[in-house]
Amino acid sequence: MRDIIKYPNTVLTTPTKKVTEIDDELIDLLDEMHAIMLEKDGIGLAANQVGVSSRVAIVHIDDESGIFEMINPEIIKKSGKTIDVEGCLSFPEVYGTVERFDDITVRFVDREGYEVEVEASDYLSRVMQHEIEHLDGGLFIDKIIERLSPDELIDYMEEHGYD
Ligand SMILES: [Zn+2]
């Protein structure tokens, strides 16, 4: 199984290439990304975080929202601003508050080849923006307003009503 690529590997800061064909290799990549995300307790993962520079990301914040496999995702609508805490599998032990759009509409292709549009808000919207930023070669660390230690993260999450 592929490893999570950690900062400062340049694959993380290189914009990924658009997918032109959904083939077996891509399906295998999606399945492997699921397995890696599950193993690492992640809620989102971009392909370049496992060393593949393709415009593919997966997001799974909870079972209620479900799993999103996003091939060639683009944010086509965005509104509002919100600040909340984020972490990243490529930056172990780094947490910080980041400003994101509140509501977004994302257009992508699913593994069956169908074009899908998803309206997302709250934490789902945030995680999708974080992953799409990875695909553009961006990193949340460049946007952190206030950095939190792992202990401060626990306090922050309690104060803000996370489980
Ligand atoms: Zn990340």
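The values are calculated or read from the model by the stated rules, or taken from the named source; none is laboratory data. Please read these numbers as outputs of a predicted model, since none were measured by experiment. Glycine gets a Cβ as well: all are built from the backbone with ideal geometry, and neighbour counts include every protein chain shown.
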Do we have residue 107 as away from the ligand (no atom under 14 Å from the Cβ), farther than 27 Å from residue 153 by Cβ and touching a residue at least 60 places away in the same chain (Cβ under 8 Å) here?
no
Out of (1) buried (at least 18 other Cβ atoms within 10 Å of the Cβ); (2) within 11 Å of the ligand (Cβ to nearest atom); (3) at pLDDT 95 or above, the one residue 124 does not meet is (2)
Restricted to segment 61-89 and to residues being in contact with a Leu (Cβ under 6 Å, 6 or more places away or on another chain) and outside any strand (DSSP E or B), the residue nearest to the ligand (Cβ to nearest atom) is 61
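In the set 65, 79, 54, which member is more than 21 Å from residue 141 (Cα to Cα), loosely packed, with under 13 Cβ neighbours inside 10 Å, more than 13 Å from the chain's Cα centre (by Cα) and among the hydroxyl-bearing types (Ser, Thr, Tyr)? Let's see the steps before the verdict.
Working: 65 fails: loosely packed, with under 13 Cβ neighbours inside 10 Å; 54 fails: loosely packed, with under 13 Cβ neighbours inside 10 Å.
It is 79.
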The condition from (1) closer than 18 Å to residue 140 by Cβ; (2) touching a residue at least 60 places away in the same chain (Cβ under 8 Å); (3) out of contact with any Asp or Glu (no Cβ under 9 Å at 6 or more places or on another chain) that residue 11 misses is numbered (2)
